[in-house]
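To keep things clear, I will list the structure first and then write my remarks on it.
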């Protein structure tokens, strides 16, 4: 594959697809719609997992693991969930292959090995988990039940894109049960907050916190909270959702508890998840025409050191000095790679680490050796400075923090520039079509209007922001009264 | 469920099944053969993963993720692997359910949504991974390729037991590619060593390192290295395997590299894995009639503190002192739980933590408060001592190390007592039937003899130990010449 990367302005979508592959993050597999997450891409996911898992545990959650398969009949228990999820899914119907007698060396399904009941590969786990919770919850003493699962799920998507929409993806799904409605609502809000904090502090990706409209709600939820991010091409990305499930699953699976007062009550539920889709969001928030730009807090390699040398003797002298820097950086918890491969030239290495979004690059050549200096380059702005070797560790540590802050600030400015208040449908269409981003508009609260707007503009309601002000207004399409602006956008 | 736990001497198998459920480790699910791993059981797995993952990374491996599904045709590429694995497996044939018009509220498979090629839910990932590696490996510079995957796999087992043999289980599978045969063999040996170190140092479970006989080898491997543990009932447990795959997969998937000399060569491969089965091994190595005994290095809770009090005032006074102990233990990296629930009596709590195998229990009552003491009890020997509060942190820290060592020493003594050298088939049968454990016997090296011995005694060759001495002897069954003793045992 050519090293050339399509420019964003030329074809954003092509730029994205190329970048994911060229930066060694992921690739398509032999299985339609399923991706292979390559080591460099998976290392980003591992860093995300580590922070999220810590945040889940700090808020009292424990991990568990539930079966990959959901018997078909369990889906039928919760009607909306079945409507929403049990349709486009991978279905296991048989449990054996056999040698095909008509076709030597080939395998075929053994017709004798048909399952009595088909098994669905989980598209989400509410059904199997609530069927299990029935046995775990008897008393108020068993509540709250705060469980998370890291898992793979499968949704048979027709159009797939690496990270953003794949048939199989990795995610976490929290499933909690509570004694009261208020507690469950507080849990759903807490997890929206956790996701927003993670997105902004670790991914450096600003998000709008809000609630979904009814038609965009999770199947089976009474309320869906969301965090919505904005990509560089002006399209929104739903980055994480947290659902208040009411008593829908408790009733579908008959999960009751005995209250302190001795009464039998249905429990209240939430579920919440983020997935490998976040990696797509990370890429489209910060990266540029030279390749990835990774936030230092999630970068698999925070600092790369490239020696510039002629001959083994110079390399040895440089390596000796580099060893000290590497040691000191690691002592500060900074991940660093010394790339002394002799099979690539420095220029090729520079391009490779730019493409891979390593936040800081240190180069050391013969002159640096003489002067006691190194060259430090930051990926986000391409700025370079020559610094004393004695100060490099301190400078790099500060620089990593500065980069984390800078890319967040830049993304925030872009996002804020792309929230446009409109009051007429002409303006609405103009902004959606020409400027992109979020449009803050009054809406009459009906599904019909939402559908009509989607039909006319391809924009959907991304959310009703948590902090939306009460404001008298009229629906941008129908002129009916409205009291809040909601955010519309085209979305991934 | 009753709190009573069947005694090991009464019915070992029943004891195991009850313990897994009563100690909240796992339970059977609504899906035949698939388990739910409950939070307490999953926390053990997380601790195992953390240490193993660290060891894999320290030996140069990176994690990645490959698809859950393997197209049927990829299995056909490697004949032995297909024989061994593609048979008893979950097969996805359709990608959609629809509402059944003849059966309101029910779902059925949409006959229109039949896959062109069936997808097998991975029983192991060699086929999909080697199909991917073809694109990753061109040059000697791409080697070695050292990749690991943490994943779920499915094998359609007819008889399942929680952790030991389940249709779906969690595992890690390493898949590496090398330029030379010697490197690949060294890798397979290194990973056997990593597994043995993990088993002995973290699980406190002694293992025998050895090679499998041909008939017990992994399908598609040239050599299978194993670590074999011995359970308390005298049956062996294969705890981890590391395979030298030769060039079998490279040839099946046409994976070649250009050598330094410019020649096209097939690469050499290994794969290696351990699974949630290890949790079964952990249980059956150390636990007793009172419940689990967990090695401190893997216990989710290392220390539990139980207050013994009358009234809120006493509890407050105790809690104040406990807070300091908790803080000091945590500062030493020791996980500690203060169980101040007022819904259970101290006796019930003691029984619960014994059942759950918490290594150290601290109790503090009113008299302790007056005397500045606490009671410290160890789970492995049930010994108790009253110690000064000032010394408790130091004492507990040492005690955790002592317990880790003690349970290993105990298991090692048991295992060593259960390796019996026999020279006649009468002795062989007698030991297998009455004493159990490993039998070290001469064997003529043929599959026929191995099969015959299995048929007569149910014992199989667990391994040819790495450290087996050269020794002239005669096969215990056929009297033919043999130069090494191999280990036989009945096995899980």
Being over 25 Å from residue A:26 (Cα atoms) and under 27 Å from the mean Cα position of the chain (by Cα) narrows A:397, A:377, A:351 down to just A:397
Taking region A:87-102 and keeping residues surrounded by fewer than 16 Cβ atoms within 10 Å (Cβ to Cβ) and either more than 10 Å from chain B (Cβ to nearest Cβ) or under 30 Å from residue A:64 (Cβ atoms) (or both) leaves A:101, A:102
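What number of residues in region B:452-473 are in contact with a helix residue (DSSP H, G or I) (Cβ under 7 Å, 6 or more places away or on another chain) and either outside any loop (DSSP other than H, G, I, E, B) or farther than 21 Å from residue B:224 by Cα (or both)?
3
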Inside region A:64-73, the number of residues satisfying the requirement of being part of a strand (DSSP E or B), within 19 Å of residue B:69 (Cβ to Cβ) and either facing another protein chain (nearest Cβ under 7 Å) or over 28 Å from the mean Cα position of the chain (by Cα) (or both) is 1
In the set A:46, A:51, A:76, the lone residue that is at pLDDT 95 or above, outside any loop (DSSP other than H, G, I, E, B) and either touching a helix residue (DSSP H, G or I) at 6+ places or on another chain (Cβ under 8 Å) or outside the structural domain of residue A:203 (by TED's automatic domain parsing) (or both) is A:51
Within region A:336-361, restricting to residues that are in contact with a helix residue (DSSP H, G or I) (Cβ under 8 Å, 6 or more places away or on another chain) and closer than 21 Å to residue A:394 by Cβ, the one that is surrounded by the most Cβ atoms within 10 Å (Cβ to Cβ) is A:359
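Any idea which of B:378, B:389, B:361, B:345 is without any contact (Cβ under 8 Å) to a residue 60 or more places away in the chain and farther than 22 Å from residue B:300 by Cα?
Details: B:378 fails: farther than 22 Å from residue B:300 by Cα; B:389 fails: without any contact (Cβ under 8 Å) to a residue 60 or more places away in the chain; B:361 fails: farther than 22 Å from residue B:300 by Cα.
None of the other options fit; the residue is B:345.
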Filtering region B:151-181 down to residues that are outside any loop (DSSP other than H, G, I, E, B) and within 9 Å of chain A (Cβ to nearest Cβ) yields B:151, B:152, B:154, B:168, B:170
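Among the residues that make up region B:98-109, is at least one of them in contact with a strand residue (DSSP E or B) (Cβ under 7 Å, 6 or more places away or on another chain), closer than 29 Å to residue B:251 by Cα and not in a loop (DSSP other than H, G, I, E, B)?
no
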Within region A:44-63, residues being surrounded by fewer than 18 Cβ atoms within 10 Å (Cβ to Cβ), closer than 25 Å to residue A:26 by Cβ and within 11 Å of another protein chain (Cβ to nearest Cβ) number 4
Determine if region B:34-43 includes at least one residue that is facing chain A (nearest Cβ under 9 Å) and surrounded by fewer than 18 Cβ atoms within 10 Å (Cβ to Cβ). no
Taking region A:117-138 and keeping residues at the interface with chain B (Cβ under 9 Å from one of its Cβ atoms) and assigned to a strand (DSSP E or B) leaves A:118, A:119, A:120, A:121
- Is it true that some residue in region A:213-224 is crowded, with 24+ Cβ neighbours inside 10 Å and part of a strand (DSSP E or B)? yes
When (1) within 28 Å of residue B:252 (Cα to Cα); (2) over 21 Å from the mean Cα position of the chain (by Cα); (3) buried (at least 18 other Cβ atoms within 10 Å of the Cβ) are applied to residue B:149, the one that fails is (2)
The residue from A:168, A:157, A:112 that alone is surrounded by 18 or more Cβ atoms within 10 Å (Cβ to Cβ) and under 24 Å from residue B:72 (Cβ atoms) is A:168
### Query
Does residue A:13 fit the bill of being closer than 30 Å to residue A:114 by Cα and either without any contact (Cβ under 8 Å) to a residue 24 or more places away in the chain or assigned to a helix (DSSP H, G or I) (or both)?
no
Only one of A:114, A:80 is within 13 Å of chain B (Cβ to nearest Cβ), more than 17 Å from residue B:34 (Cβ to Cβ) and without any contact (Cβ under 8 Å) to a residue 40 or more places away in the chain, namely A:114
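The values are calculated or read from the model by the stated rules, or taken from the named source; none is laboratory data. Just so it is clear, the structure is predicted and the values come from calculations on it, not from any experiment. Heads up, the Cβs are rebuilt from the backbone with ideal geometry, glycines too, and the neighbour counts pull from every protein chain shown.
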